[in-house]
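Working notes for the structure below.
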Amino acid sequence: MTFVDDQAAWRPMTPADLPAVLSVAGMVHPAYPEDEAVFAERQRLFPAGCNVLASPDALRGYVVSHPWRRGEPPALNSLLGSIPAQPTSFYIHDLALLPTARGTGAGGVIVAHLADVAKEAGLPCLSLVAVGQSPGFWQRQGFRVAHDPGLAVKLASYDDAARYMERELDPDAAGVTKQKR
């Protein structure tokens, strides 16, 4: 467990958490609904990337993430089928915090944890699709908008304000070999 404060800690998500995760998702992201099967599949495919922010009485947030292909965000509410054999990015599918968990540092704590997971997997970057008012949070976490005309089609399942963002990880820490010049 990674403690955020004396009231909440990040812990691995279990299948039993899915009803509460769906409830939080409905409150935090009502404009971006996803089926329970989407959360269940990601938790099954890559449990190390799925965590919940638990307090004694309820879940206050969750994160769903997994290895993926850089520049190819999965469509909203879609099943993956499998994790790519040769992923090129660590994709943060969703980070949702109830208002009571915002401003506590919980978001920064879990993003740092996910960066460590990505580095351990030898991946060079984190990637995500920022929606709503979240781009500012992600920029404070070191993410930058990736400008690629080809991304517009890939973001169509979200909305016009959706932004694909990436954060480079330290190549040495990520296990990526630097080429000699």
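The values are calculated or read from the model by the stated rules, or taken from the named source; none is laboratory data. Given the structure is predicted, the values throughout are model-derived calculations rather than measurements. Note that we place each Cβ from the backbone using ideal geometry, even for glycine, and neighbour counts take in every protein chain shown.
Brief remarks follow.
- The single residue among ALA25, ALA16 that is farther than 30 Å from HIS147 by Cα, of a type in the set (Gly, Ala, Ser) and at pLDDT 95 or above turns out to be ALA16.
- Scan of segment 145-167 for residues that are over 15 Å from the mean Cα position of the chain (by Cα), outside any loop (DSSP other than H, G, I, E, B) and modelled with pLDDT of 85 or more, ordered by number: VAL145
- In segment 88-119, the residues that are more than 14 Å from the chain's Cα centre (by Cα) and closer than 24 Å to ALA40 by Cβ: LEU98, ALA101
Condition check ((1) in contact with a Pro (Cβ under 7 Å, 6 or more places away or on another chain); (2) modelled with pLDDT of 95 or more) across all residues:
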| position | (1), (2) |
| --- | --- |
| GLU41 | no, yes |
| SER55 | no, no |
| TYR62 | no, yes |
| PRO67 | yes, yes |
| LEU76 | no, no |
| SER82 | no, yes |
| LEU97 | no, yes |
| VAL109 | no, yes |
| LYS119 | no, yes |
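- Of all residues in segment 1-14, those satisfying the criterion of being surrounded by 15 or more Cβ atoms within 10 Å (Cβ to Cβ) and either among the aliphatic types (A, V, I, L, M) or within 17 Å of LEU79 (Cβ to Cβ) (or both) are VAL4, ALA8, ALA9, MET13.
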